[in-house]
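For reference, the structure discussed in these notes is given below.
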Amino acid sequence: MRVFISWSGDASKLCAEALRDWLPFMNQAINPFVSSQDISKGERGLDKIANKLQDCTFGIVCVTRDNQHAPWINFEAGALSRELGESMLAPFLLDFAVKDLSGPIAQFQATESGSRDEVWALVKSLNDACETSVDFDRLRVTFDRFWDDLDRSLNEIRSSRPSTASPERETSDILNELVALVREQSSRIHSLDNKVSHFESEAFAARYTINEPGEVRINTSSHDHQHERVRRLRRIIADTIGSEHIVWARNGAAGKADLDIRVSDSGLLAAQGAMEALQSEATRLRASAYIHSADRRAEPVVLAPF
């Protein structure tokens, strides 16, 4: 699995290189790609990023307190999310906490590099995304064995940086951003619910016709595979009661069952005995059938697709 690791600035670059060297120990299927050009210079267009992402299925953005607001780090994060999907993009925070992350990149599920548990969660996500995943217990043993190596490398990067007294974000600022994000998510969910309800209504209208109150007919022509489903139900009925007991079978007329099957008296008895199994097949195939004998006074077998 190709993993695209984005960076901007010296510390971010060293962090990306540390991840590039360390991640393959977790799963040999992980093949990290680290950009060789500083994105803060803005020399890579979206088309070039897209070309590099063709073989990538996961993205990691190495974020520092200094570069989190850089236009190009957010630009590339946006490009990665569009190519890979939000669930496959992970901001990797080198020297600050998630609560201090702000800007567009804050919408993604970030990982604090100093937290063993959070890095472990990231490793599990990467392993799950691989076509060949490592067994959970084995992955845990490998992570515990190599965690100190990554932690030591990241601590060296942090300690080599000049100390800057960057103030933490105000609590009110964090709460305001949290409220905005919750409202945005609620709006997205509400919009999605409306679309789903609309599609469900259209699907019902296309599949069913209400002829009169209380009578709902399935439109056999409304679904591409309905004819095949009816044919399969006919074959199952014939195999169950014996084809020699079927006098004739035809597709139902408008307003009636999908199948109209006339059987011998023995065939009707067999259908009545296998009623539960036949009904289960009718439900599975979403097709209906009306099985009767020449003697209309005998109780028919009616199979409904629900």
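The values are calculated or read from the model by the stated rules, or taken from the named source; none is laboratory data. Computed from a prediction, not measured in an experiment: that's the story for all the values here. A quick note on method: Cβ atoms are made from the backbone with ideal geometry, for glycine too, and the neighbour counts reach across all protein chains shown. For accessibility, only protein heavy atoms count, side chains too; no ligands or nucleic acids. Shrake-Rupley method; radii C 1.70, N 1.55, O 1.52, S 1.80 Å.
Observations on the model:
- Virtual spin-label span in nm between R232 and N155, 7 Å along Cα→Cβ: 6.1
- Full-stretch length increase - H69, A249 - with 0.36 nm per residue and alpha-carbon distance subtracted: 57.6 nm
- Between R2 and N31, T57, the built amide H atoms are under 5 Å apart, and every one of these is 5 or more places off in sequence or on another chain.
- The 3J(HN,Hα) values that the Karplus relation (6.51, -1.76, 1.60; θ = phi - 60°) gives for segment 279-293 are, in residue order, 5, 4, 5, 5, 5, 4, 8, 6, 9, 10, 8, 10, 10, 8, 9 Hz. Gly and Pro appear as x.
- Candidate residues D95, D100: accessible-area rank, largest first, probe 1.4 Å: D95, D100
- Accessible-area order (highest first, 1.4 angstrom probe) of the listed residues K13, K256, K99: K256, K99, K13
- Net charge contributed by nearby residues that have their C-beta within less than 14 Å of D137 (K/R +1, D/E -1): +2
- Neighbourhood charge, 12 Å Cβ-Cβ cut-off, centred on L150 and excluding it, Lys, Arg +1 and Asp, Glu -1: -3
- Calculated FRET efficiency for the pair S102/R2, C-beta based, R₀ 35 Å, to 0.05: 0.75
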